[in-house]
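The values are calculated or read from the model by the stated rules, or taken from the named source; none is laboratory data. Quantities reported herein were computed from a predicted structural model and do not represent experimental measurements. All Cβ positions, glycine included, derive from the backbone under ideal geometry; neighbour counts span all protein chains shown. Heads up: the accessible areas ignore ligands, DNA and RNA and are worked out on the full protein's heavy atoms, side chains in. Shrake-Rupley method; radii C 1.70, N 1.55, O 1.52, S 1.80 Å.
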2 protein chains.
Amino acid sequence: MLKLTKKADYGLMALKYLAERPETVALSAKDIADAYGIPAQLLAKILQQLTRAGLLRSHAGMNGGYALSREAREISAYEVIHAIDGPFFITSCTKGAKGCELTPSCTIKEPLARVNDTIAGVLKSISIQDLAEHEHPHGRGHEVNALVSLTL
Amino acid sequence: MLKLTKKADYGLMALKYLAERPETVALSAKDIADAYGIPAQLLAKILQQLTRAGLLRSHAGMNGGYALSREAREISAYEVIHAIDGPFFITSCTKGAKGCELTPSCTIKEPLARVNDTIAGVLKSISIQDLAEHEHPHGRGHEVNALVSLTL
DNA sequence: TCAGTATACGACCAATTATGTCGGCGTTTC
DNA sequence: GAAACGCCGACATAATTGGTCGTATACTGA
Ligand code: FES
Ligand code: FES
């Protein structure tokens, strides 16, 4: 039903949290989990996935934890979602490689692929920074305007 | 993971099928299901939902079935999805009415609501007609261009 | 070098949701 | 009145997600 998984949600929250604290060297999974009241072990796994995807740098040992591997501005929501939930297709036939069983019958797939790309584009145009900035509504000077064109 | 349900997919396929046959008075659920090789009873339920939502007109009895209740051009993909899967929220907290348990902690909800609206806008800008037309690539004269603006 | 704190990873279970089926009932047409 | 159809709710099953556990490994500092 076109919904983000909780994992992706958690991942975005965590990254936003990190983006809001650029001064800190690293934050442990537990720190972040506690801040939001989400299961620590689950978040740990998510952060590990993001690390593997190259969005975070991790450091074990005391005072270890995670830190953004790039500028918050350079990390898109799309990358986060992709890293956590894998490549997404709006279409139900996620067979990825070579289409699904009903490929000949389902004539709706192709137009929806355009929609898929459009949504991906929207997500790509949003950075963690955008999410973090939104936190401070007093500033309000900075507005992001993403323009997306969809051609069927 | 931001994916359409099969029901919604089936629903869109069925409507497209109807849109491609404007001359026919009505098509039974079974006819359409057979055409695409999808479970007839399941499709029947979906079509019933679409009828309740006012997108289709139904007619019982012999030679009964379903027909579009409006011009294909006037039915958006959004309406179809909404009718089948209920109101959609990108955010995982679908508690609808009054937010979720973590509302104070989850600071990401609001910016994502914008994204949600953007996607809804894209879906609203696509009509069943658009899907049906795409079938005939020889015509190719008619292109739809939806422009969506996202402001965070 | 040892205790403490942290990530890494895979297996596993639990909860939820999506998908599909069944049976009975109401309606329309022939 | 019987065949062909829609209508509805309750179920059963399958798939996905969400979350836990156990253990191994890495780093730090005293
Ligand atoms: S459902 Fe598989 S091609 Fe559309
Ligand atoms: S998870 Fe509920 S408000 Fe974001």
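Some points to look at:
- Probe 1.4 Å - accessible area at A:K16, Å² to nearest ten: 0
- For A:G86, the point set 7 Å out from Cα toward Cβ sits 2.6 nm from its twins in the other copies, listed from shortest up.
- Per-pair calculated FRET efficiency, R0 = 35 Å: A:R21 and B:A53 via Cβ, rounded to 0.05: 0.15
- Calculated FRET efficiency for the pair A:D117/B:K6, C-beta based, R₀ 25 Å, to 0.05: 0.75
- In this assembly of identical copies, the label point of A:A67 (Cα plus 7 Å along Cα-to-Cβ) is separated from its counterparts by 6.9 nm, sorted shortest first.
- Inter-copy spacing of A:A35 label points, which lie 7 Å from Cα along Cα→Cβ, given in nm from shortest upward: 5.4
- Most to least accessible of A:R70, B:R114 (protein chains only, probe 1.4 Å): A:R70, B:R114
- Between amide H atoms placed 1.01 Å from N, distances below 5 Å from A:S69 occur with A:L56, A:R57, all of them 5 or more places distant or on a separate chain.
- Residues B:E79, B:E71 ordered from highest to lowest accessible area at a 1.4 Å probe: B:E71, B:E79.
- Annotation: amide H of B:S125 has no partner in the under-5 Å range at sequence separation 5 or more or interchain, hydrogens built in the peptide plane.
- Counting only other chain Cβ atoms within 10 Å of each residue's Cβ, the peptide A:3-10 averages 6.
- Which of A:H82, B:H59 is most accessible, then next, and so on - probe 1.4 Å: B:H59, A:H82
- Charged neighbours of B:G11, selected by a Cβ distance under 12 Å, balance to +1 (K, R count +1; D, E count -1).
- Area hidden from solvent between A and B (accessible, protein heavy atoms only, 1.4 Å, total, Å²): 5100
- Note on B:T151 and B:A67: their simple-model spin labels are 4.4 nm apart, each label 7 Å out from Cα toward Cβ.
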